[in-house]
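Written out below as structure tokens is the structure these notes cover.
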Amino acid sequence: MTLTFSINDRQRLQLAPLEIPTRLLLGPGPSNAHPAVLQAMNTPPIGHLDPAFLHLMDEIQSQLRYVWQTENPLTIAVSGTGTAAMEATIANVTEPGDVVLVGVSGYFGNRLVDMAGRYGADVRTITKPWGQVFSLEELRTALETHRPAILALVHAETSTGARQPLEGVGDLCREFGCLLLVDTVTSLGGVPIFLDQWGIDLAYSCSQKGLGCPPGASPFTMSPRAMEKLQQRRNKVANWYLDMSLLSKYWGNERTYHHTAPTNMYYALREALRLIAEEGLANGWGRHQKNVEYLWEGLEDLGLSLHVAREFRLPTLTTVCIPEGVDGKAIARQLLNEHNIEIGGGLGELAGKVWRVGLMGFNSRKESVDSLLEALRQVL
Ligand SMILES: Cc1ncc(COP(=O)(O)O)c(C=O)c1O
């Protein structure tokens, strides 16, 4: 019997070769990747169990420990964007009924609430107006009230530009016998962080911001205390792809196949981490701080005001108040169309009220600030 099939050509396009405009990405992320990182990404892929690739994974683990300032053995890059690493933290240590206390003062705190709920947590929240941060006393009161298994905080709230101070929070969490989970997506590489000294048990980040890489391979780490909670689970982790008891066998000594690693993303991440080590962590943090202060000065000279109190402002992300009578979206569109510069608009409660300007990783340079200020001068 002969079967005949006919090809349906309706969806077939005659595509032109790929052409993407060159942009200066000064929004909340992604930021521009370092040219050396893009070059590394162009290296031909090899097998994800090739000894050379396994060696590269070891280097990534070691360098991630350096940028986070941790000795955590389980420190890896999750295949996926920051949200995948975020979900990995929640999925591995949350069991149905666990009380998870989330500090919400912006969009990403709310995402943690949503995620923890999906893993069956008894989610409690403490809230602050968007752009403010929690004091140690407020956190102590909340821990006394809720007695959680996990306290989750966002170090760098990308929706507001506020930096949550973390010194002392880990000690509080030990006093109350809970784990401390921290979102460092907009801080890693650009904002001082001392994971072990601050007693942080679980953290995640992304590649496309302070690390100066394209999106797609996301740092994840868990402390031995968090590992203990994972090992004592009554049920399997409810997410196969992100289950650290399986993934650790690929990243650890066993080297058991788990999934096909996105090899070229790991080349890129390795190069980004190499550049950070070459510059030195403290120098990189200093560069971010210096350039953002130059930005703040320039914005204020243009008559613009900033949303967050100076002592809590992030060096990586600045929220700029949109002046009365100015169409924020139109200005952002003009910056993109006429100057090839991307900035972000406000999210959630701050939608229509602020612009978000990122100076992260490779983009934290005086030239980026000068280009933006000059373009703003023209469009405002
Ligand atoms: C604070 C914070 N958490 C989580 C995420 C999610 O990361 P991704 O968009 O890479 O999935 C972002 C993204 O910008 C973020 O800013």
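Structure values in brief
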read-out	value
Elements of type strands (runs of 3 or more DSSP E) in the stretch 105-190, at least 1 residues being surrounded by fewer than 24 Cβ atoms within 10 Å (Cβ to Cβ) and in the same structural domain as residue 66 (by TED's automatic domain parsing)	122-127
Within the stretch 12-96, helices (runs of 4 or more DSSP H) holding 3 or more residues that are away from the ligand (no atom under 16 Å from the Cβ) and charged (D, E, K, R)	51-68
In the stretch 256-287, the residues that are farther than 19 Å from residue 64 by Cα and in contact (Cβ under 8 Å) with a residue 12 or more places away in the chain	257, 258, 259, 260, 287
Residue match in the stretch 77-93 (condition: farther than 15 Å from residue 220 by Cβ and touching a residue at least 12 places away in the same chain (Cβ under 8 Å))	no
Filtered residue count, the stretch 105-143, keeping only those that are aromatic (Phe, Trp, Tyr) and within 17 Å of residue 91 (Cα to Cα)	2
Hey, residue 251 under 25 Å from residue 237 (Cβ atoms) and not charged (D, E, K, R) or not	yes
In the stretch 146-173, residue nearest to the ligand (Cβ to nearest atom) [restricted to those that are over 24 Å from residue 83 (Cβ atoms) and of a type in the set (Asp, Glu)]	167
Filtered residues of the stretch 181-201 (kept if more than 16 Å from the ligand (Cβ to nearest atom) and under 29 Å from residue 120 (Cβ atoms))	195, 198, 199, 201
The stretch 224-251: number of residues that are part of a helix (DSSP H, G or I), surrounded by 15 or more Cβ atoms within 10 Å (Cβ to Cβ) and in contact (Cβ under 8 Å) with a residue 24 or more places away in the chain	9
Any hit, the stretch 252-265, residues being out of contact with any Pro (no Cβ under 7 Å at 6 or more places or on another chain), within 30 Å of residue 76 (Cβ to Cβ) and assigned to a helix (DSSP H, G or I)	yes
The stretch 348-380, residues that are buried (at least 19 other Cβ atoms within 10 Å of the Cβ) and in a loop (DSSP other than H, G, I, E, B)	359, 360, 364
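The values are calculated or read from the model by the stated rules, or taken from the named source; none is laboratory data. None of these values were measured; they are calculated from a predicted model. When we count neighbours, we look across all protein chains shown, and the Cβ atoms used for this are built from the backbone with ideal geometry, even at glycine.
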